[in-house]
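Okay, structure first, notes after.
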Amino acid sequence: MSSFNIFSMAFLLALVVIKGADLIADGLVHPIIKLEKNSYVVPGVAAQDTGKSDEASGPTLEPVEPLLAAANLENGQKVAKKRLQCHTFEKGGKAKTGPNLWDVVGNAVAHLEGYAYSKAMRTHGGTWTYEKLNEYLYKPRKSVPGTKMSFAGLKKVQDRADLIAYIASMSDSPKPFPAS
Ligand code: HEM
């Protein structure tokens, strides 16, 4: 092999080694900034939230209490009517897939005798406050993990407020709405 070939191969090898060392050094000194959705992560540095929300974590739950006093009960009844295959709302109504919802607002979670609640619901505890109902009707399975209510939930806060105001009226002594 001619000296020229040996020389050029040695030169090339040196180039590869230098470049390789350079890349490693670069990785060590200037970490690769990974762009994650709505935030960016620098190895060893806490994620910087860019303030926008994304589906994974999902937008924050908007409260319904400020909307109840001015809620549209007619729309609430319409929303409820679409789910009559699962619940009755009137006094003394029979359980269907789900329990009767008469007087459920302000009542204990899983309060009805004789209805076979899921273990998750039976052991969940607490009462159906306006905001607990808001959370449950937004994402039932997130609010009560293990619930057997196979309902995707209601995305629009106004629909939830109208519905909750409507089912609140389904009682002998409806609970007052918080001042808005
Ligand atoms: C208008 C929409 C709905 C409202 C306001 C609503 C409300 C509720 C509430 C408040 C409970 C708990 C009741 C209690 O603690 O006594 C419940 C449970 C339940 N609902 Fe619904 N629901 C709705 C839609 C649905 C739909 C569409 C289904 C059927 C696909 C359903 C099936 C159930 C079942 C099976 C339970 C028992 C859950 C368990 O034991 O884990 N609901 N619902």
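The values are calculated or read from the model by the stated rules, or taken from the named source; none is laboratory data. Quick caveat, the model's predicted, so the values are computed rather than measured. Heads up, the Cβs are rebuilt from the backbone with ideal geometry, glycines too, and the neighbour counts pull from every protein chain shown. These accessible areas exclude ligands, DNA and RNA; they are computed on the full protein's heavy atoms, side chains included. Shrake-Rupley method; radii C 1.70, N 1.55, O 1.52, S 1.80 Å.
Considering (1) more than 9 Å from the ligand (Cβ to nearest atom); (2) open to solvent by 30 Å² or more (accessible area, probe 1.4 Å); (3) within 20 Å of T60 (Cα to Cα), say which one D162 fails and leave the rest.
(2)
Could you identify the single residue in K37, K78 that is open to solvent by 70 Å² or more (accessible area, probe 1.4 Å) and at pLDDT 90 or above?
K78
Filter the range 143-152 down to residues that are within 9 Å of the ligand (Cβ to nearest atom) and open to solvent by less than 20 Å² (accessible area, probe 1.4 Å) and give me whichever is nearest to L67 (Cα to Cα).
Looking at the filtered set, the residue picked out is V144.
Within the range 65-89, count every residue that is closer than 17 Å to D103 by Cα and within 8 Å of the ligand (Cβ to nearest atom).
Residues in the range 65-89 being closer than 17 Å to D103 by Cα and within 8 Å of the ligand (Cβ to nearest atom): 3 in total.
Taking the range 165-180 as the search range and keeping residues that are hydroxyl-bearing (S, T, Y) and part of a helix (DSSP H, G or I), which one is least open to solvent (accessible area, probe 1.4 Å)?
Top of the filtered list is Y166.
Considering only residues that are touching a residue at least 40 places away in the same chain (Cβ under 8 Å) and open to solvent by less than 60 Å² (accessible area, probe 1.4 Å), which ones fall in the range 81-116?
Result: C86, F89, G98, L101, W102, D103, V104, V105, G106.
For the range 117-141, enumerate the residues that are in a loop (DSSP other than H, G, I, E, B) and either of a type outside the set (F, W, Y) or open to solvent by 50 Å² or more (accessible area, probe 1.4 Å) (or both).
Correct list: S118, T123, H124, G125, G126, T129, K139.
State which residue is farthest from the ligand (Cβ to nearest atom) when the search covers only the range 98-118 and only residues that are in contact with a Gly (Cβ under 7 Å, 6 or more places away or on another chain) and of a type outside the set (G, A, S).
That would be W102.
Name every residue in the range 119-143 that is out of contact with any Gly (no Cβ under 6 Å at 6 or more places or on another chain), in contact (Cβ under 8 Å) with a residue 24 or more places away in the chain and either outside the structural domain of K96 (by TED's automatic domain parsing) or farther than 20 Å from D103 by Cα (or both), in order of residue number.
Scanning the range 119-143 gives a single hit, K119.
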